[in-house]
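Structure, as structure tokens:
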Amino acid sequence: MSGTFVGMPSFPEAAHAAVGNKTLRGNLRHATHTIRAKRAKAVAELSDWAQLREAGRQIKDHTLRHLDRYLMQLEEAVTAAGGTVHWAADADEANRIVTGLVKATGESEVVKVKSMATQEIGLNEALEAEGIRAYETDLAELIVQLGKDRPSHILVPAIHRNRGEIRDIFRSEMGEWGRPAPDGLTDTPAELAEAARLHLREKFLRAKVGISGANFMVAETGTLVVVESEGNGRMCLTLPETLISVVGIEKIVPTWRDLEVFLQTLPRSSTAERMNPYTSMWTGTTDAETADGPRAFHLVLLDNGRTDTLSDQVGRQALRCIRCSACLNVCPVYERAGGHAYGSVYPGPIGAILSPQLRGTESEIDASLPYASSLCGACYEVCPVAIDIPEVLVHLRERVVEGGTVTRAGNKVVLKPAKGHAAERAAMRAARWAFGHPGALRSGQRLASRSRRFLPRTLPGPGRAWSASRELPAMPAEPFRDWWQCTHGGQEAR
């Protein structure tokens, strides 16, 4: 999807390095447990949470089934309101569109609202290559950008940083990007936030071009919605003369009535708030110079693998995601490995099923992501749109091991089985044969029991990786079938 993570190792290798970082694990444990507890309390306030969750699932599924119709309706509504709609099939096309629009204004800098879609396509790097500087205005994204870092969480991109690290980044880097950090800056949250506010305020007042994503798009009116907690989004969406929004095609909802459901579930699942402090909505453009809002608005609708994902009956449910990050905060794997180990702007459980579908499973890292889970199911339990992430993980594991027919760029292609799984496939085929031949299974069980003293304590060959961190179960003295026959076999006859 983007060149941002090129060269990252596969998940097992990256996670192995991450779990040895005690500071990282401490930061993640504290942050995820805090957010998790607050979310549970906020959700418990609603007696109809289960009904809202089901409504969200049904709305999303209905929209995805009729996505073509609602996208055309959205384009008509945005155009009628004075905006311009652009269609981008992939990341390269989206970057060409956005850089061309910025260059047409004559500006060389833009302010940005936090946007997963623009990270997905590597927009900042594309703008930089054209001599355009993009300033991230979300506090956590600012920390990541100043620290020459990568996001590691959907909601809190700098979750892997503690206050001391943020203070050091502000002191050393702010001056190169604009207003420097105040002298004597400490690591107290109030001082750090004030330093960021002063640094960003001059950029808000100077910028002529803003770039955003959107949490939702309402098809019936062409309205775009951004929810956030800091106010930087409101500044980016209303002050610049030109606004460019890059949004994935799955972010659409049919009506305002549908939007009402998600404005209840998203804030509780993400920031554990009853509602977001800032909910900005805009439709088209404004003509008056004194009015809030852009005088030129461009909507870039991004596919970049989403249509291919839609063709998968099991995997398409990943497109329901509203980017709340609740699944990350309950995932034991994410808590220990951190977001960078996933090698994608979408970390955690949702990234483990979304990235391999948007990018394909041909690369080593994408082939490893469906295995970045214990399949405990906690992610499914907290998902506000009921994405069965464990089901999709198992589905993608089958794709990696067995290969098969998938859709890529709108065309049916046949994937070859991934390398390194030959032993696994052979073992599964042998097991299938054995379970289909009861006599052979019974004989094998008896042989294993009688030779249990000679069985190794660790598995040989490829199985060594499994038994290196687990104890093999002890072999019983007799198979269960023999024990049952001796113990209960005669009773049934009597």
Which listed residue, of ALA129, ALA158, ALA117, is small (Gly, Ala, Ser), in contact with a helix residue (DSSP H, G or I) (Cβ under 9 Å, 6 or more places away or on another chain) and closer than 18 Å to ALA193 by Cβ
ALA158
Residue selected from the range 228-254 under the condition among the aliphatic types (A, V, I, L, M) and part of a helix (DSSP H, G or I), by the criterion farthest from LEU358 (Cα to Cα)
MET235
Any chance you could count how many residues in the range 24-52 are open to solvent by less than 70 Å² (accessible area, probe 1.4 Å) and under 28 Å from ALA158 (Cα atoms)?
13
In the range 53-84, residues that are in contact with a Phe, Trp or Tyr (Cβ under 9 Å, 6 or more places away or on another chain), surrounded by fewer than 18 Cβ atoms within 10 Å (Cβ to Cβ) and among the hydroxyl-bearing types (Ser, Thr, Tyr) total 1
So, TRP87, is that one surrounded by 15 or more Cβ atoms within 10 Å (Cβ to Cβ) and farther than 25 Å from GLN264 by Cα or not?
yes
Among (1) open to solvent by less than 60 Å² (accessible area, probe 1.4 Å); (2) closer than 26 Å to THR285 by Cα, where does PRO151 come up short?
(2)
So, first residue on the phi > 0 side of the Ramachandran plot in the range 118-131, second residue open to solvent by 20 Å² or more (accessible area, probe 1.4 Å), Cβ within less than 6 Å, six or more apart or across chains; the pairs are GLY122/SER2; GLY122/GLY3; GLY122/THR4
Those residues of the range 282-292 which are of a type in the set (A, V, I, L, M, F, W, C) and more than 30 Å from the chain's Cα centre (by Cα), in sequence order:
ALA288, ALA291
In the range 255-275, is there at least one residue being open to solvent by less than 50 Å² (accessible area, probe 1.4 Å), part of a loop (DSSP other than H, G, I, E, B) and under 20 Å from GLY82 (Cα atoms)?
yes
Need the failing condition index for ARG336 against (1) under 26 Å from VAL43 (Cβ atoms); (2) at pLDDT 95 or above; (3) assigned to a helix (DSSP H, G or I), just the number.
(2)
Out of all the residues in the range 300-333, which are outside any helix (DSSP H, G or I) and touching a Pro at 6+ places or on another chain (Cβ under 8 Å)?
ILE322, CYS324, CYS331
Residues located in the range 293-329, provided they are β-branched (Val, Ile, Thr) and within 14 Å of the chain's Cα centre (by Cα)
ILE322
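Which of the following residues is at pLDDT below 95, buried (at least 22 other Cβ atoms within 10 Å of the Cβ) and under 16 Å from GLU230 (Cβ atoms): ILE143, ILE159, ILE166? Give the steps one after another, and end with the answer.
Details: ILE143 fails: at pLDDT below 95; ILE166 fails: at pLDDT below 95.
Residue meeting the stated conditions: ILE159.
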The lone condition ARG150 fails out of (1) of a type in the set (D, E, K, R); (2) outside any loop (DSSP other than H, G, I, E, B); (3) touching a Ser or Thr at 6+ places or on another chain (Cβ under 8 Å) is (2)
Options SER368, SER325, SER355: the member that is open to solvent by 10 Å² or more (accessible area, probe 1.4 Å) and of a type in the set (S, T, N, Q):
SER368
Out of all the residues in the range 117-129, which are open to solvent by 20 Å² or more (accessible area, probe 1.4 Å) and either within 26 Å of GLU250 (Cα to Cα) or in contact with a Gly (Cβ under 9 Å, 6 or more places away or on another chain) (or both)?
GLN119, ASN124, GLU125, ALA126
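The values are calculated or read from the model by the stated rules, or taken from the named source; none is laboratory data. Every value quoted in this text rests on a predicted model; they were computed, and no experiment measured them. Backbone-built Cβ (ideal geometry, glycine too); neighbour counts: all protein chains shown. Remember, those area values only see protein heavy atoms, side chains included, never the ligands or the DNA or RNA. Shrake-Rupley method; radii C 1.70, N 1.55, O 1.52, S 1.80 Å.
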